[in-house]
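First up is the structure itself, then whatever we jot down about it.
The values are calculated or read from the model by the stated rules, or taken from the named source; none is laboratory data. Just so it is clear, the structure is predicted and the values come from calculations on it, not from any experiment. Backbone-built Cβ (ideal geometry, glycine too); neighbour counts: all protein chains shown. We work out accessible area using only protein heavy atoms, side chains counted, and drop any ligands, DNA or RNA first. Shrake-Rupley method; radii C 1.70, N 1.55, O 1.52, S 1.80 Å.
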Amino acid sequence: MPDTTTTDRPLHPLAQDPIRLLLAAGGTREPIDPVRYLGNRSSGRMGAAIADAAHAAGWRVSLLLGTNELDRLPEGPRIMRFESTAQLQELLRDQAPACDILVMAAAVADYRPAQPASEKLRRVEGRPLTLELTPTPDLLAEQSARARHDQMTVGFALEPEADLLRSGRDKLSRKRADLIIANPIETLDADGVRAVLIDATGERPVGTMPKARFAELLVAELAERLETKRTTPTDAPQNH
Ligand code: CTP
(Lines give C-alpha, C1' and ligand atoms only; values in the text may rest on other atoms or scores of the structure.)
Protein backbone atom coordinates (compact mmCIF):
# COMPACT_ATOMS: atom_id res chain seq x y z
CA MET A 1 0.00 0.00 0.00
CA PRO A 2 1.48 3.43 -0.87
CA ASP A 3 2.70 5.52 2.04
CA THR A 4 0.41 8.53 2.06
CA THR A 5 2.19 10.16 4.99
CA THR A 6 5.35 11.06 3.08
CA THR A 7 5.83 14.39 1.34
CA ASP A 8 8.21 15.41 -1.40
CA ARG A 9 9.80 18.08 0.82
CA PRO A 10 13.61 17.96 0.99
CA LEU A 11 14.70 16.57 4.33
CA HIS A 12 17.85 16.79 6.36
CA PRO A 13 20.15 14.50 4.36
CA LEU A 14 21.39 12.33 7.23
CA ALA A 15 18.85 12.44 10.03
CA GLN A 16 15.78 12.83 7.79
CA ASP A 17 14.78 15.82 9.91
CA PRO A 18 13.95 19.17 8.34
CA ILE A 19 16.97 21.33 7.56
CA ARG A 20 17.37 24.01 10.24
CA LEU A 21 18.06 27.40 8.74
CA LEU A 22 19.25 30.37 10.77
CA LEU A 23 18.77 33.49 8.68
CA ALA A 24 19.78 37.04 9.59
CA ALA A 25 18.10 39.80 7.58
CA GLY A 26 17.42 43.53 7.67
CA GLY A 27 19.59 46.37 8.84
CA THR A 28 21.23 47.44 12.08
CA ARG A 29 20.86 50.55 14.24
CA GLU A 30 23.91 51.59 16.21
CA PRO A 31 23.12 53.88 19.13
CA ILE A 32 24.63 57.38 19.22
CA ASP A 33 22.66 58.31 22.35
CA PRO A 34 19.33 57.09 23.81
CA VAL A 35 17.32 58.70 20.98
CA ARG A 36 19.61 58.63 17.94
CA TYR A 37 21.27 55.95 15.87
CA LEU A 38 23.33 55.21 12.78
CA GLY A 39 21.38 52.97 10.43
CA ASN A 40 21.20 51.76 6.85
CA ARG A 41 18.54 51.32 4.18
CA SER A 42 18.30 47.53 4.11
CA SER A 43 14.77 46.52 3.07
CA GLY A 44 15.01 42.93 4.37
CA ARG A 45 13.24 41.72 1.20
CA MET A 46 15.88 39.23 0.06
CA GLY A 47 15.94 37.69 3.54
CA ALA A 48 12.14 37.48 3.68
CA ALA A 49 12.07 35.76 0.27
CA ILE A 50 14.61 33.18 1.48
CA ALA A 51 12.64 32.63 4.70
CA ASP A 52 9.44 32.05 2.70
CA ALA A 53 11.12 29.68 0.22
CA ALA A 54 12.83 27.65 2.95
CA HIS A 55 9.63 27.40 4.96
CA ALA A 56 7.72 26.30 1.84
CA ALA A 57 10.37 23.60 1.30
CA GLY A 58 9.65 22.21 4.76
CA TRP A 59 12.74 23.62 6.51
CA ARG A 60 12.68 24.82 10.10
CA VAL A 61 13.48 28.52 9.84
CA SER A 62 14.64 30.93 12.54
CA LEU A 63 14.71 34.49 11.28
CA LEU A 64 16.79 37.12 13.06
CA LEU A 65 15.25 40.34 11.82
CA GLY A 66 16.60 43.85 12.09
CA THR A 67 15.20 47.08 10.67
CA ASN A 68 13.28 46.52 7.45
CA GLU A 69 10.66 47.83 5.07
CA LEU A 70 8.61 44.66 4.80
CA ASP A 71 4.87 45.06 4.23
CA ARG A 72 4.26 41.75 5.97
CA LEU A 73 6.50 39.50 8.05
CA PRO A 74 7.14 35.93 6.85
CA GLU A 75 4.55 33.72 8.54
CA GLY A 76 6.21 30.32 9.00
CA PRO A 77 9.53 31.13 10.67
CA ARG A 78 10.26 31.82 14.32
CA ILE A 79 11.20 35.51 14.33
CA MET A 80 13.62 37.13 16.78
CA ARG A 81 14.23 40.86 16.52
CA PHE A 82 17.49 42.76 16.87
CA GLU A 83 18.54 46.38 16.50
CA SER A 84 22.28 46.67 17.00
CA THR A 85 25.19 44.59 15.74
CA ALA A 86 25.89 43.64 19.37
CA GLN A 87 22.35 42.26 19.77
CA LEU A 88 22.67 40.30 16.53
CA GLN A 89 26.02 38.93 17.69
CA GLU A 90 24.38 37.68 20.92
CA LEU A 91 21.51 36.04 19.04
CA LEU A 92 23.90 34.35 16.63
CA ARG A 93 26.07 33.01 19.45
CA ASP A 94 22.97 31.66 21.10
CA GLN A 95 21.16 30.22 18.05
CA ALA A 96 23.90 29.12 15.64
CA PRO A 97 24.92 25.90 17.44
CA ALA A 98 21.45 24.46 16.68
CA CYS A 99 21.36 25.29 12.95
CA ASP A 100 22.48 23.37 9.88
CA ILE A 101 22.88 26.43 7.67
CA LEU A 102 23.51 30.07 8.61
CA VAL A 103 22.65 32.63 5.94
CA MET A 104 23.80 36.18 6.69
CA ALA A 105 21.56 38.33 4.51
CA ALA A 106 21.65 41.16 7.09
CA ALA A 107 23.21 44.52 6.27
CA VAL A 108 25.45 44.69 9.33
CA ALA A 109 26.99 48.08 10.18
CA ASP A 110 30.70 48.26 9.44
CA TYR A 111 31.29 50.94 12.09
CA ARG A 112 29.51 51.99 15.26
CA PRO A 113 29.91 54.89 17.69
CA ALA A 114 32.85 54.08 19.93
CA GLN A 115 31.14 55.48 23.02
CA PRO A 116 27.39 55.95 22.78
CA ALA A 117 26.31 58.80 25.08
CA SER A 118 24.21 57.73 28.07
CA GLU A 119 22.15 60.92 27.86
CA LYS A 120 20.66 62.77 24.91
CA LEU A 121 23.31 64.89 23.21
CA ARG A 122 22.55 68.62 23.19
CA ARG A 123 23.19 70.91 20.28
CA VAL A 124 25.63 73.65 21.09
CA GLU A 125 25.38 76.60 18.70
CA GLY A 126 28.52 77.04 16.67
CA ARG A 127 30.30 73.93 18.02
CA PRO A 128 30.72 71.01 15.57
CA LEU A 129 30.21 67.50 16.92
CA THR A 130 32.61 64.72 15.96
CA LEU A 131 31.55 61.11 16.43
CA GLU A 132 34.30 58.56 16.81
CA LEU A 133 33.41 55.29 15.10
CA THR A 134 34.95 51.92 15.75
CA PRO A 135 34.77 48.86 13.44
CA THR A 136 32.13 46.26 14.32
CA PRO A 137 33.14 42.62 14.70
CA ASP A 138 32.69 40.52 11.55
CA LEU A 139 29.82 38.29 12.63
CA LEU A 140 29.93 35.97 9.62
CA ALA A 141 33.66 35.40 10.12
CA GLU A 142 33.06 34.70 13.81
CA GLN A 143 30.36 32.15 13.06
CA SER A 144 32.37 30.48 10.29
CA ALA A 145 35.27 30.08 12.72
CA ARG A 146 32.93 28.42 15.23
CA ALA A 147 31.04 26.25 12.72
CA ARG A 148 31.21 22.49 12.99
CA HIS A 149 31.96 20.34 9.95
CA ASP A 150 28.27 19.50 9.60
CA GLN A 151 27.27 23.17 9.39
CA MET A 152 27.40 25.64 6.50
CA THR A 153 27.81 29.41 6.52
CA VAL A 154 26.67 31.64 3.67
CA GLY A 155 27.20 35.37 3.14
CA PHE A 156 26.06 38.04 0.74
CA ALA A 157 28.20 40.64 -1.00
CA LEU A 158 26.88 43.71 -2.76
CA GLU A 159 29.68 44.96 -4.97
CA PRO A 160 30.24 47.27 -7.94
CA GLU A 161 29.84 45.17 -11.08
CA ALA A 162 33.43 45.73 -12.19
CA ASP A 163 34.75 44.38 -8.88
CA LEU A 164 32.14 41.68 -8.25
CA LEU A 165 34.24 38.54 -8.57
CA ARG A 166 37.48 39.80 -7.02
CA SER A 167 35.69 41.28 -4.05
CA GLY A 168 33.37 38.27 -3.67
CA ARG A 169 36.33 35.87 -3.63
CA ASP A 170 38.09 38.08 -1.12
CA LYS A 171 35.05 37.96 1.19
CA LEU A 172 34.79 34.18 0.78
CA SER A 173 38.30 33.68 2.09
CA ARG A 174 38.31 36.53 4.65
CA LYS A 175 35.07 35.32 6.23
CA ARG A 176 35.81 31.61 5.67
CA ALA A 177 32.25 31.07 4.45
CA ASP A 178 31.19 28.03 2.42
CA LEU A 179 29.43 30.25 -0.08
CA ILE A 180 29.20 33.94 -0.99
CA ILE A 181 26.29 35.25 -3.04
CA ALA A 182 27.60 38.29 -4.90
CA ASN A 183 25.22 40.84 -6.41
CA PRO A 184 26.07 43.91 -8.48
CA ILE A 185 25.38 47.05 -6.44
CA GLU A 186 23.82 48.46 -9.62
CA THR A 187 20.79 46.16 -8.96
CA LEU A 188 20.26 47.55 -5.43
CA ASP A 189 16.73 48.91 -5.85
CA ALA A 190 15.72 46.57 -8.65
CA ASP A 191 13.04 43.89 -8.24
CA GLY A 192 15.28 41.19 -9.60
CA VAL A 193 18.70 39.86 -8.65
CA ARG A 194 21.64 39.00 -10.87
CA ALA A 195 23.61 36.82 -8.49
CA VAL A 196 26.90 34.98 -8.85
CA LEU A 197 27.52 32.06 -6.48
CA ILE A 198 31.14 31.99 -5.34
CA ASP A 199 32.74 29.09 -3.48
CA ALA A 200 36.21 27.63 -3.13
CA THR A 201 35.90 25.80 -6.45
CA GLY A 202 34.97 28.89 -8.52
CA GLU A 203 31.97 30.97 -9.43
CA ARG A 204 28.65 30.41 -11.16
CA PRO A 205 26.34 33.17 -12.44
CA VAL A 206 22.70 32.24 -11.97
CA GLY A 207 21.16 34.80 -14.32
CA THR A 208 18.64 37.58 -13.70
CA MET A 209 15.42 36.67 -11.92
CA PRO A 210 12.91 37.94 -9.36
CA LYS A 211 14.00 37.68 -5.70
CA ALA A 212 11.34 35.03 -4.93
CA ARG A 213 12.58 32.79 -7.78
CA PHE A 214 16.19 33.27 -6.72
CA ALA A 215 15.27 32.33 -3.15
CA GLU A 216 13.75 29.03 -4.33
CA LEU A 217 16.81 28.28 -6.39
CA LEU A 218 19.09 29.11 -3.46
CA VAL A 219 17.18 26.83 -1.08
CA ALA A 220 17.54 23.89 -3.50
CA GLU A 221 21.22 24.73 -3.99
CA LEU A 222 21.88 24.88 -0.24
CA ALA A 223 20.18 21.52 0.40
CA GLU A 224 22.46 19.92 -2.19
CA ARG A 225 25.59 21.61 -0.85
CA LEU A 226 24.79 20.59 2.73
CA GLU A 227 24.42 16.98 1.68
CA THR A 228 27.70 17.09 -0.27
CA LYS A 229 29.50 18.67 2.67
CA ARG A 230 28.20 16.10 5.11
CA THR A 231 29.07 13.14 2.94
CA THR A 232 32.59 14.44 2.22
CA PRO A 233 35.22 13.05 4.64
CA THR A 234 36.63 15.73 6.95
CA ASP A 235 40.19 15.13 5.71
CA ALA A 236 39.18 15.81 2.09
CA PRO A 237 39.72 19.37 0.76
CA GLN A 238 36.94 21.62 2.07
CA ASN A 239 35.32 24.73 0.73
CA HIS A 240 37.78 26.89 2.65
N1 CTP B 1 28.84 40.89 7.73
C2 CTP B 1 28.96 40.46 9.04
N3 CTP B 1 29.48 41.30 9.99
C4 CTP B 1 29.88 42.55 9.68
C5 CTP B 1 29.77 43.00 8.33
C6 CTP B 1 29.25 42.14 7.39
O7 CTP B 1 28.60 39.33 9.33
N8 CTP B 1 30.37 43.34 10.63
C9 CTP B 1 28.32 39.94 6.73
C10 CTP B 1 27.09 40.42 5.96
O11 CTP B 1 25.90 40.01 6.59
C12 CTP B 1 27.28 39.74 4.59
C13 CTP B 1 28.78 39.66 4.43
O14 CTP B 1 29.33 39.76 5.76
O15 CTP B 1 26.77 38.44 4.56
C16 CTP B 1 29.37 40.73 3.55
O17 CTP B 1 28.99 41.98 4.05
P18 CTP B 1 29.67 43.30 3.50
O19 CTP B 1 29.10 44.47 4.23
O20 CTP B 1 29.60 43.28 2.02
O21 CTP B 1 31.18 43.01 3.90
P22 CTP B 1 32.22 43.79 4.76
O23 CTP B 1 32.90 42.82 5.65
O24 CTP B 1 31.54 44.95 5.41
O25 CTP B 1 33.30 44.27 3.69
P26 CTP B 1 33.42 45.67 2.89
O27 CTP B 1 33.24 46.78 3.90
O28 CTP B 1 34.80 45.57 2.34
O29 CTP B 1 32.37 45.65 1.83
#### Entry: Subset of the stretch 173-187 that is part of a helix (DSSP H, G or I) and more than 10 Å from the ligand (Cβ to nearest atom) - its residue that is modelled with the lowest pLDDT
187
### Query
Under 6 Å by Cβ, and 6 or more places apart or on different chains, what pairs join a residue from the stretch 108-121 that is closer than 22 Å to residue 92 by Cβ with one that is assigned to a loop (DSSP other than H, G, I, E, B) and open to solvent by less than 60 Å² (accessible area, probe 1.4 Å)?
108/28; 109/28; 109/136; 112/136
### Message
Scan the stretch 85-94 and tell me whether some residue there is open to solvent by 60 Å² or more (accessible area, probe 1.4 Å), more than 21 Å from residue 40 (Cα to Cα) and more than 9 Å from the ligand (Cβ to nearest atom).
### Response
yes
### Query
Just to be sure, is residue 208 farther than 25 Å from residue 143 by Cα, at pLDDT below 95 and either small (Gly, Ala, Ser) or not in a helix (DSSP H, G or I) (or both)?
yes
### Query
Residues 131, 226: which one is part of a helix (DSSP H, G or I) and not charged (D, E, K, R)?
226
### Query
For residue 82, all conditions in the list (1) open to solvent by less than 40 Å² (accessible area, probe 1.4 Å); (2) of a type outside the set (Asp, Glu); (3) farther than 24 Å from residue 59 by Cα; (4) within 15 Å of the ligand (Cβ to nearest atom) hold save one; what is the number of the exception?
(3)
### Message
From the list 145, 98, 162, exactly one residue is closer than 24 Å to residue 211 by Cβ and either open to solvent by 60 Å² or more (accessible area, probe 1.4 Å) or among the aliphatic types (A, V, I, L, M) (or both). Which is it?
### Response
162
### Query
Which one of these is within 27 Å of the chain's Cα centre (by Cα), within 16 Å of the ligand (Cβ to nearest atom) and under 21 Å from residue 225 (Cα atoms): 140, 158, 133?
140
### Task
Considering only the stretch 63-79, state which residues are surrounded by 20 or more Cβ atoms within 10 Å (Cβ to Cβ) and over 18 Å from residue 213 (Cα atoms).
63, 64, 65, 66, 67, 77
### Summary
Selection over the stretch 143-154 where residues are within 8 Å of the ligand (Cβ to nearest atom) and not in a helix (DSSP H, G or I) yields a count of 1
### Query
Counting only residues that are more than 17 Å from residue 157 (Cβ to Cβ), touching a strand residue (DSSP E or B) at 6+ places or on another chain (Cβ under 9 Å) and open to solvent by 20 Å² or more (accessible area, probe 1.4 Å), how many does the stretch 209-222 have?
4
### Query
Hey, residue 136 hits all of (1) of a type in the set (Val, Ile, Thr); (2) within 16 Å of residue 37 (Cβ to Cβ); (3) open to solvent by 90 Å² or more (accessible area, probe 1.4 Å) but one; which does it fall short on?
(3)
